[in-house]
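These notes concern the structure reproduced below.
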Amino acid sequence: IILNDDWVKVLAVTTMSNHSANESVQLAALGAIWSIVALNSRYASEFTSSEEGLESLTMAMKTHQHAKQIQECGSGIVACLASNQHQVTLLLRSHNGSIVERLVEALCSHSCSGLALKALFRLLMTSQQSENLIETIGHCTNRERQWGDILTNAMDKVLGVISVCPKNTGVQIWGCRLLWALFSDERLLNSSVTGRQHNSLSTLTSNVLLHLEALTSPETPQTVHESAICLLSRISCCSDDLLAGKEEVFSRIVVRIILSQPKSRTVAVHGCHCISNVLYIQDDTASAILGVMKDFEEEEVADIAINSIALLTMKGFQAILTLLNNERLIDSIVGCMSRHSNSSSIQIAACNILSNIALDRHVMNDICSCGGTSRIITTLYNLSQDSLVVCKAFWALANIIGTCDAATLQKCKAPKSVLCAMEANPTDIFIQIRGATTLWSLGSCHSTLQKEIIQLGGIQTISEAMREFIASEQMQEKGIIALWSLSVSTLLESAVTSRAIEAIADAICAHLTSTQICEHGLGALSTLATTKSVVKDVDDVIDLIFSCMMMHSDSATVQQGALAALSKISIDQPSNEVLQITPDDLDVVINAMRTHILVKGVQENAIILLRSMSFCAANINVIGQNPFLVGLIKTAMSKFQGSLRVNVEDLLRMLPSDNQ
């Protein structure tokens with residue numbers, strides 16, 4: 001279209017102003033203007049810049065306010081002109097924004113037209129004076145009315161229009177969009193509307209939901225459903241109490257729309273957002289979200305959907321049971337992990353879901369049989385540099401690893417993946433703690449996994465973590481338990497054993513007051529320290545063990561572990577060198593026997609230790625000089641006759657006869 005520079009003047013002044021009372025002329029001129037500005041942005045800009053043109057448009061709509069076609073043409077022109085901020089500013093500046101009043105009149109008088117709704121929506125979205133626009137739309141006769149009343153009145157007008165024309169697609173689309181813009185007011189989003197105004201808004205929200213529920217039939221056009229779901233998404237972002245008591249209706253509408261439009265990306269994305277924001281679960285909720293995951297392979301959509309399920313699993317036991325009623329749940333989650341293996345967000349959400357739904361062994365077995373465990377371990381290896389992914393994967397493994405068979409864990413290289421994740425995040429204490437715990441769980445499953453962990457350097461990795469976080473009591477405790485578990489029934493190389501013993505001794509020294517660490521640490525030492533030669537700084541370690549015994553003299557477990565460890569360290573097998581005991585050391589042993597006289601393990605380990613020490617002549621002299629020892633030995637033998645008799649008789653035979 002090529003027009004002369006004075007085309008606006010010709011149409012607006014010569015034609016419209018000179019024939020303002022002629023409805024047919026006005027309609028023809030407005031129709032021509034609408035066609036021109038709709039097809040060419042330059043001409044739209046020229047018309048908006050013409051004060052005469054805007055005046056003619058406003059006067060035509062005012063003079064012929066009962067002429068439906070003129071109102072439609074005028075609204076259509078404004079909708080085209082409101083395409084950028086500059087043009088909207090000119091529109092609102094002309095005649096003090098009276099064009100908005102004309103649109104509101106057109107809206108109320110001819111509610112079957114969606115063009116007025118479209119024009120108001122575009123003005124509201126583009127203008128920097130949205131508050132003035134809303135005041136005009138929601139005009140209240142009482143000047144003392146507050147902002148909440150104005151906003152409610154504006155929404156009520158729009159809702160009234162779209163309720164009258166439920167079958168008009170244009171009205172429904174632009175009505176929902178205009179309500180979306182009104183619900184976007186920051187005062188609704190930050191809960192600053194309270195009291196009576198809040199109650200009015202709450203009632204209006206109920207009415208909006210009632211109208212939207214009537215639009216959920218499958219026959220409703222997709223574009224209407226898309227506008228409706230966007231409006232629901234915006235409502236769900238408002239203050240929580242605005243939807244209080246309406247969660248069930250809200251969720252039902254969302255799920256129905258998602259199921260009605262399985263191919264609409266807009267419905268899928270905003271529907272999942274609605275579910276995430278409201279977190280109300282019903283029977284079809286899982287089906288709707290899993291359908292989204294199936295129908296859309298796009299990573300962004302899958303991410304939103306799977307995170308919705310992850311949030312629902314945090315709602316508690318009943319919510320998880322409702323989700324598990326869907327037989328496709330676990331398969332869908334594992335499949336999504338496989339399709340988007342490089343997405344950290346999807347892997348984190350999936351790990352959260354699998355961790356949360358593992359309520360019993362039946363569900364755990366289902367997760368394993370569907371490949372959930374293998375998928376988590378693969379994620380652990382592929383995304384080992386992502387600390388958050390690793391943390392979530394460890395949590396999930398902790399919940400389900402106990403039901404997996406060793407062959408599956410070995411096939412998916414579980415030990416290697418766990419160690420890789422630990423080595424990739426040496427400064428993350430949580431990963432090191434969870435990693436040590438997972439290695440302990442793996443080693444407990446089967447001896448083949450235990451050996452594989454050791455061969456891959458698991459002992460060294462755990463020892464390094466314990467040294468790095470020496471101040472963390474939890475790290476030391478989990479590390480000691482893992483080292484202890486891995487060393488049971490497995491012959492370690494002397495260098496590896498020495499390193500583990502050193503880490504355990506450092507842990508005990510750093511947390512000497514912790515009964516728990518001393519119990520586990522001394523128990524581990526009694527397993528690892530098979531001979532004196534594998535212990536570095538053996539004198540320091542022995543002093544540390546006696547310190548534990550004195551510090552925790554009332555703990556039978558500590559005493560039993562300490563005596564067992566001393567029994568192992570007291571003799572160096574290659575050289576047959578025996579540890580020399582001092583009177584003070586002997587007093588600690590005797591105190592343990594006296595304090596825990598009814599504990600078989602303490603008595604047994606003490607007598608074994610004393611018998612081992614009796615192979616040294618110097619020790620015989622020290623032991624023989626103690627006036628209380630023989631009595632305690634005989635008391636122990638009388639209480640635990642069968643198991644102690646041989647060691648007791650040998651020990652008594654070595655002691656001086658005058659002592660006895």
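The values are calculated or read from the model by the stated rules, or taken from the named source; none is laboratory data. Owing to the predicted nature of the structure, the values given are computational and were not obtained by experimental measurement. Neighbour counts are summed over all protein chains in view; Cβ atoms, including those assigned to glycine, are modelled from backbone coordinates with ideal geometry. For accessibility, only protein heavy atoms count, side chains too; no ligands or nucleic acids. Shrake-Rupley method; radii C 1.70, N 1.55, O 1.52, S 1.80 Å.
Here the Karplus curve 6.51 cos²θ - 1.76 cosθ + 1.60, taken at θ = phi - 60°, turns the phi angles of region 301-311 into couplings of 5, 4, 4, 5, 5, 5, 5, 5, 5, 4, 5 Hz, with x standing for Gly and Pro.
In the context of the full set of protein chains, region 149-269 has a per residue accessible area of 39 Å² (1.4 Å probe).
Accessible surface of Thr527, taken over heavy atoms with a 1.4 Å probe and every protein chain present, rounds to 40 Å².
The residues of region 387-489 expose on average 38 square angstrom of accessible surface per residue, using a 1.4 Å probe on protein heavy atoms. For Tyr280, neighbours were defined as the other residues whose beta-carbon sits under 13 Å from its Cβ, and their charges (Lys and Arg +1, Asp and Glu -1) total -2. Calculate what fraction, in whole %, of the accessible area of region 218-369 sits on carbon and sulfur atoms when a 1.4 Å probe is rolled over the protein chains. After summing per-atom areas, the C and S share lands at 46 percent. Across the cross-link table entries Lys411/Lys568; Lys167/Lys246; Lys157/Lys246; Lys568/Lys639; Lys478/Lys568; Lys294/Lys315, which are compared at the Cα atoms, the separations over 28 Å belong to Lys411/Lys568.
For Lys263, the aspartates and glutamates whose Cα comes closer than 13 Å to its Cα, not counting residues fewer than 8 places off in the same chain, are Glu226, Asp295, Glu297, Glu298.
Could you tell me which of rounded, prolate or oblate describes region 223-362, using a ≥ b ≥ c as the square roots of the eigenvalues of the alpha-carbon gyration tensor, with rounded for a/c under 1.5 and, failing that, prolate when a/b is larger than b/c and oblate otherwise? Oblate.
A simple count of charges around Cys351, restricted to other residues whose Cβ falls under 10 Å of its Cβ and scoring Lys, Arg +1 and Asp, Glu -1, yields +2. How would region 32-184 be classified by its alpha-carbon gyration tensor: rounded, prolate or oblate, with rounded meaning a/c under 1.5 and the a/b versus b/c comparison settling the rest? It is prolate, given that a/c is not under 1.5 and a/b is the larger ratio. Each peptide in 602-615, 456-469 was scored by the mean count of other Cβ atoms within 10 Å over its residues; highest first, the order is 602-615, 456-469. Neighbours of Gly74, meaning other residues whose beta-carbon lies under 15 angstrom from its beta-carbon, give a summed charge of 0 when Lys and Arg score +1 and Asp and Glu score -1.
Inverting the pair-averaged 1/r between distinct Cα atoms of the chain gives 31.4 Å as its Kirkwood hydrodynamic radius. Amide H contacts of Glu577: Asp572, each under 5 Å away and 5 or more positions distant or on a separate chain (H built 1.01 Å from N in the peptide plane; Pro and chain starts excluded). With one equal scatterer per alpha carbon and no solvent term, the Debye-computed log10 I(q)/I(0) for region 329-403 at 0.22, 0.26 1/Å reads -0.86, -1.21.
Between Asp572 and Ile429, the FRET efficiency estimated from the beta carbon spacing at R0 = 51 angstrom works out to 0.85. With the contact rule set at Cα under 8 Å and sequence spacing of 6 or more, what percent relative contact order holds for region 257-345? Relative contact order for region 257-345 comes out at 30 percent.
Measuring with a 1.4 angstrom probe and ignoring ligands and nucleic acids, His139 comes out at about 120 Å² accessible. Solvent-accessible area assigned to carbon and sulfur over region 71-112 amounts to 46 percent, based on a 1.4 Å probe. Ordering 238-244, 281-287 by mean Cβ neighbour count within 10 Å, with the highest value first, yields 281-287, 238-244.
Can you tell me how region 528-630 classifies by the Cα gyration tensor, rounded, prolate or oblate, using a/c under 1.5 as the rounded cut? Cα axes put region 528-630 in the oblate bin. With all protein chains kept in place, the per residue accessible area of region 7-49 amounts to 49 square angstrom at a probe of 1.4 angstrom. Counting only protein heavy atoms and a probe of 1.4 Å, the accessible surface of region 561-627 is 50% carbon and sulfur. Across the chain, the mean sequence separation of Cα contacts (distance under 8 Å, 6 or more residues apart), normalised by length, yields a relative contact order of 5 percent. Summarising the label geometry, the points placed 7 Å from Cα in the beta-carbon direction at Cys237 and Gln128 lie 2.2 nm from one another. The phi torsions of region 441-458, fed into the Karplus equation with coefficients 6.51, -1.76 and 1.60 and a -60° offset, translate into couplings of 5, 5, x, 6, 6, 6, 5, 5, 5, 4, 5, 5, 4, 5, 5, 7, x, x Hz, rounded to whole numbers, with Gly and Pro shown as x.
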